[in-house]
Amino acid sequence: MSKPKILIQFDTDDHACAFDGVVAADSGIDQLFQYSKITLDDVQRLVYGAIFTRGVEDLHQTAIFVGGSDVAKGEAIVEKINSVFFGPMRVSVMMDSNGCNTTAAAAVLAAARHIELNGATATILAGTGPVGVRAARLLAGAGATVRIGSRSQTRAMEAAATINERLQSDAVTGVETSSSDQTTAALDGSNILIAAGAAGIQLVDTSCWKGNESLKVAVDLNAVPPLGIESVDVMDQAVDHSGTVCYGAVGVGGTKMKIHKAAIASLFHSNDKVLDAEEVFQIGLEQ
Ligand SMILES: NC(=O)c1ccc[n+]([C@@H]2O[C@H](COP(=O)([O-])OP(=O)(O)OC[C@H]3O[C@@H](n4cnc5c(N)ncnc54)[C@H](OP(=O)(O)O)[C@@H]3O)[C@@H](O)[C@H]2O)c1
């Protein structure tokens, strides 16, 4: 008889994220263990609890989810988890602090429904945050040329350089998009626009993007008014605005949920998965 599927939630916040717990419960697991205020010092003890309790043949029935609002802390926790594993003594791990991986994957998947990513040009406004950087990684990894926008040329170039180094490519460039003129210039020749700015910040007004004939898809990830792309509604789901197919934050939310559940379910297929943005995106492509 197979062992129950146990998901162990490592959350870096004071209270483990209820959203992640609900999605886990809806993803076919049998037991959810939630740990909050997780620090690097807690990792070894908890990982030992996960890997030394069941036989190797049953370790695929245990998995770890890393969440919390601080993406940098989540990344460090995953690194520590992986350093504790050895040989076959490991369980599968998914990282989605602040929803960064599932949100970026959903945005890029929305674009991929309407345009071939390989060879496309994409602009990610406010692309220096965790979601924007991951979306840029996914797009560049799929063969797109990517422009990362920021209020700061330096931050934009730093984000681009980090991704290029990781991918060993020069597909990503950083551009300042502080003014409407700069934003319009960044969108010139772009086929994909992703607005990945902080909640409640409008990044681009209508005149900068409507009527841009090259722009085939626009995705706004900000659900809090004012929205990131003026004229795109938060509920838009493949709505045509003058030749550009548009998605609002709630419009991509269904895809995000689907990817999140499928990713959790996939953790239990083997005991050696580490799901970061690229793996989560691949799972999304397979849905
Ligand atoms: N639906 C979901 O489940 C879900 C999950 C995660 C995220 N999201 C949404 O996705 C978006 C991106 O998330 P994130 O965590 O990557 O965002 P973030 O780190 O909060 O912000 C992204 C970028 O926005 C820019 N920014 C911040 N304040 C600004 C301001 N006052 N004016 C103009 N630009 C500003 C910054 O870029 P520069 O300083 O370089 O300009 C920052 O790097 C957010 O809207 C978030 O709410 C949704």
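Please treat every number below as a calculation from the coordinates, not as lab data. None of the values given here were measured: they were computed from a predicted structure. We place every Cβ from the backbone using ideal geometry, glycine too, and count neighbours over all the protein chains shown.
Across region 227-287, counting alpha-carbon atoms alone, Rg and Dmax equal 14.9, 48 Å. Distance between the modelled labels on LEU285 and PHE33, one decimal in nanometres: 3.4 nm (7 Å Cα→Cβ projection).
Rounded to whole numbers, the Karplus 3J(HN,Hα) couplings from phi for region 151-158 are 5, 10, 4, 4, 4, 4, 5, 5 Hz, using 6.51 cos²θ - 1.76 cosθ + 1.60 with θ = phi - 60°, and x at Gly and Pro.
What is region 102-247's relative contact order, in percent, from Cα pairs under 8 angstrom and six or more apart in sequence? Working shown, then result.
Working: 341 pairs, mean separation 31.4, N = 146.
Value for region 102-247: 22 percent.
Per-residue Karplus couplings for region 90-103, computed as 6.51 cos²θ - 1.76 cosθ + 1.60 with θ equal to phi - 60°, are listed in order as 7, 10, 6, 9, 10, 10, 8, 4, 6, x, 5, 6, 5, 5 Hz, Gly and Pro entered as x. Subtracting the Cα-Cα distance of SER214 and SER169 from their residue separation scaled by 0.36 nm leaves 13.8 nm. Sorted largest first, the spans of the alpha carbon positions of the chain along the three principal axes are 60, 34, 34 Å.
Contact order for the chain, expressed relative to its length and based on alpha carbon pairs under 8 Å spaced 6+ residues apart, stands at 19 percent. Note on ASP58 and SER83: with the Förster distance fixed at 30 Å, the Cβ-Cβ geometry gives a FRET efficiency of about 0.85. In this structure, the amide hydrogen of GLN34, modeled 1.01 Å from its nitrogen in the peptide plane, lies closer than 5 angstrom to those of GLN9, counting only residues at least 5 positions away or on a different chain. From the P(r) of region 140-206, can you give the percent of Cα pairs sitting at distances over 19 Å? Here the long-distance tail beyond 19 Å is 31 percent of all Cα pairs in region 140-206. On full extension, the segment bounded by VAL22 and GLN202 gains 61.8 nm, given 0.36 nm per residue less the C-alpha separation.
Among the listed pairs LYS5/LYS273; LYS80/LYS273; LYS216/LYS261; LYS37/LYS256, which are separated by more than 19 Å between their Cα atoms? Walk me through the intermediate numbers first.
Numbers: LYS5/LYS273 15 Å; LYS80/LYS273 15 Å; LYS216/LYS261 29 Å; LYS37/LYS256 25 Å.
Table pairs above 19 Å Cα-Cα are LYS216/LYS261; LYS37/LYS256.
Between ASP236 and GLY248, GLY251, the built amide H atoms are under 5 Å apart, and every one of these is 5 or more places off in sequence or on another chain.
Every helix of 4 or more DSSP H residues in the chain counts as -39500 (n - 2.57), and over all residues that averages to -11500 deg cm²/dmol at 222 nm.
If you take every residue apart from ASP14 with its C-beta less than 15 Å away from the C-beta of ASP14, what net charge results, scoring Lys and Arg +1 and Asp and Glu -1? Write out the running numbers ahead of the final one.
Numbers: positive: LYS37, LYS73; negative: ASP11, ASP13, ASP20, ASP42, ASP70.
Charge balance near ASP14 sits at -3.
Suppose we keep just the DSSP beta bridges with both residues in region 102-247; what percent of those would be antiparallel, to 5? Mind dumping the intermediate values first?
Numbers: 4 of 25 bridges.
Approximately 15 percent, going by the DSSP bridge assignments.
Across region 1-146, Cα pairs under 8 Å and at least six residues apart give a relative contact order of 21 percent.
Which is the longest stretch in the chain that no exposed loop site breaks, taking sites as GluC sites (Glu not before Pro) with a DSSP loop state and at most 14 other Cβ atoms within 10 Å? Intermediate results must be reported in sequence, preceding the final value.
Working: sites that count: GLU116, GLU213, GLU286.
Value returned for the longest uninterrupted segment is 1-115.
Amide H to amide H distances under 5 Å link ILE64 with ILE8, SER92, VAL93, MET94, where only residues 5 or more positions off or on other chains count and H is placed in the peptide plane.
Looking at the chain, the DSSP beta bridges with both ends there are about 10 percent antiparallel. Run through all the Cα pairs of region 102-247 and give the fraction in each 5 Å bin from 0, expressed as whole percent. Result, from short to long distances: 2, 12, 23, 26, 23, 11, 3, 0 percent.
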